[in-house]
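Enquirer: Got a structure for you, questions after.
The values are calculated or read from the model by the stated rules, or taken from the named source; none is laboratory data. Since the model is a prediction, treat every value here as computed from it, not as a measurement. Don't worry about glycine lacking a Cβ; one is built from the backbone with ideal geometry, like all the others, and counts go over all protein chains shown. What goes into the accessible areas is simple: the full protein's heavy atoms, side chains included, and nothing from ligands, DNA or RNA. Shrake-Rupley method; radii C 1.70, N 1.55, O 1.52, S 1.80 Å.
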Amino acid sequence: MWQEINKKPMNKRPAKSNMDLSKGQIIRKDLRRNWIIYLMALPVIAYYLIFHYGPMYGLQIAFKDFAPADGIWGSPWVGFKHFDSFFNGIYFWRLIRNTVLINVYDLIFGFPSAIILAILLNEIRKMMFKRVVQTISYLPHFISIVVVAGMLFDFLSRDGLINQLLGFIGVEPIDFLKEAGWFRFIFVSSGIWQGVGWGSIIYLAAIANIDPTLYEAAKIDGANRWKQIFHITIPGIMPTIVIMFILNMGSLLSVGSEKVLLLYNPLTYETADVISTYVYRKGILEASYSFSAAVGLFNSVISLILIVSANAISKRVSENKLW
């Protein structure tokens, strides 16, 4: 009899699959399972909430005549008055031109430089030499912008190293940092020197994920190193290139104000003054808070439109997209 009882299948409650659970139950289940990961993410979430989403409350001053004594709610609404003043201002087109040109030059020369460096580093077979080159190319990224600006002043002043070298070949000294025509070249080239090594890391990681058997098959078929680069390496990292290009397009109207503020002067405003430095002067130095908020909001909206448009175009043309 006991054998018969033991042979009878016991009624077990079947485990619920995710399909049987409600959305709230799935979320609670995931929180219980991965609570440590969510706890680690809390500081990052708090940072973005406090310093990125929280300040968006103050964007309304772009549509008001803000006075600190009256506060945000007490300041009167003026609609698009500040936007109209900016669009019709004498500096509008100069700011747009300078900001776009600096970013376009950086996109043309700076963006491919990290890709080229990553491909060249990947082709180096001597690991010791490769590590030395990587270390040397990474180091400028960790130098403060203030220190970089000081180095540029020392090298490019009238009695600096560059002019001393030019003097040996009979060239008259040039005030590089006081001539408007040189500013964009100095800004972009120094940015490439400082960021090319660090920017190549993501492409080296993408190259490392390429299947090595593809290179072996290419060698068997008689492909040389150049053909392997053009037919295997570049297509293999193309999704990463597209994503980085989309992100760069989003910053087409955004130039970091710190470096420009350290390098420019009234003599170079014609080519150096960008939207971010204009916002700094109007908002901090002249206390035109509402006007500077309007200019900053305009810049952010255009950047959002650019990144969404670039993603949509990439999605139509290829299968690579950011979201």
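Enquirer: Round to the nearest 10 and give me the degree value, 0 to 90, for the angle of helix 35-48's Cα axis relative to the longest principal axis of the chain.
Expert: Computed tilt is about 20 degrees.
Enquirer: Once the Cβ-Cβ distance between residue 38 and residue 153 is put in as r, and R0 is 45 Å, what FRET efficiency do you end up with, to the nearest 0.05? Present the calculation step by step, with values, prior to reporting the outcome.
Expert: Working: r = 47 Å, r/R0 = 1.06.
For residue 38 and residue 153, the calculated efficiency is 0.40.
Enquirer: So, one more: Mind giving me the FRET efficiency for residue 47 and residue 215? R0 is 51 Å, r the Cβ-Cβ distance, nearest 0.05 is fine. Before the final figure, lay out each step's value.
Expert: Values: r = 42 Å, r/R0 = 0.82.
E between residue 47 and residue 215, to the nearest 0.05, is 0.75.
Enquirer: Please compute the length gained on full extension between residue 30 and residue 175, using 0.36 nm multiplied by the number of residues separating them and subtracting their Cα-Cα distance. The partial results should precede the final answer.
Expert: Working: separation 145, 0.36 × 145 = 52.20 nm, distance 6.21 nm.
So the chain would gain 46.0 nm between residue 30 and residue 175.
Enquirer: Sticking with this structure for a sec: Please work out how much length the chain gains when fully extended from residue 116 to residue 166, using 0.36 nm per residue of separation minus the C-alpha to C-alpha distance, in nm with one decimal. Present the calculation step by step, with values, prior to reporting the outcome.
Expert: On the way: separation 50, 0.36 × 50 = 18.00 nm, distance 2.98 nm.
My answer for the length gained is 15.0 nm.
Enquirer: Can you list residues from other chains, or at least 5 along the same chain, whose modelled amide H is less than 5 Å from the amide H of residue 64?
Expert: Counting only residues 5 or more places away or on other chains, the set is 78.
Enquirer: Still on this structure: Just to verify a number: FRET efficiency for residue 309 and residue 193, C-beta to C-beta distance, R0 = 25 Å, to 0.05?
Expert: Details: r = 31 Å, r/R0 = 1.23.
Here the calculated transfer efficiency is 0.25.
Enquirer: Determine the principal axes of the Cα atoms in the chain, then give the extent along each, sorted from largest to smallest and rounded to whole angstroms.
Expert: 109, 71, 36
Enquirer: Round to the nearest 10 and give me the degree value, 0 to 90, for the angle of helix 180-208's Cα axis relative to the longest principal axis of the chain.
Expert: 20
Enquirer: Continuing with this model, one more query. Which order, highest average first, do 36-43, 82-89 follow once you tally other Cβ atoms within 10 Å for each residue and take the mean per peptide?
Expert: On the way: 36-43: 9.6, 82-89: 15.5.
Ranked from most to least packed, the peptides come out as 82-89, 36-43.
Enquirer: Place +1 on the Cβ of every Lys and Arg and -1 on the Cβ of every Asp and Glu in the chain, take the dipole about the Cα centre, and give the residue among 275, 239, 92 whose Cα lies farthest towards its positive end.
Expert: Looking along the dipole axis, the top candidate is 239.
Enquirer: Also: Counting only the backbone N, which residues of region 220-263 are under 16 Å from the spot 7 Å out from the Cα of residue 100 toward its beta-carbon?
Expert: Correct set: 249-255.
Enquirer: Counting only protein heavy atoms and a 1.4 Å probe, tell me what percentage of the chain's accessible area is made up of carbon and sulfur. Display every interim value, and only then the final one.
Expert: On the way: 14270 of 21230 Å².
The C+S portion of the solvent-accessible surface of the chain is 67 percent.
Enquirer: Here is a follow-up. Using Cα atoms only, what is the angle between the long axis of helix 111-123 and the major principal axis of the chain, expressed in degrees (0 to 90) to the nearest 10?
Expert: 60
Enquirer: Let me ask something else about it. Below 27 Å Cα-Cα, how many Lys pairs turn up in region 80-317? Only count pairs eight or more apart in sequence, or on different chains, if you could.
Expert: Count of close lysine pairs: 9.
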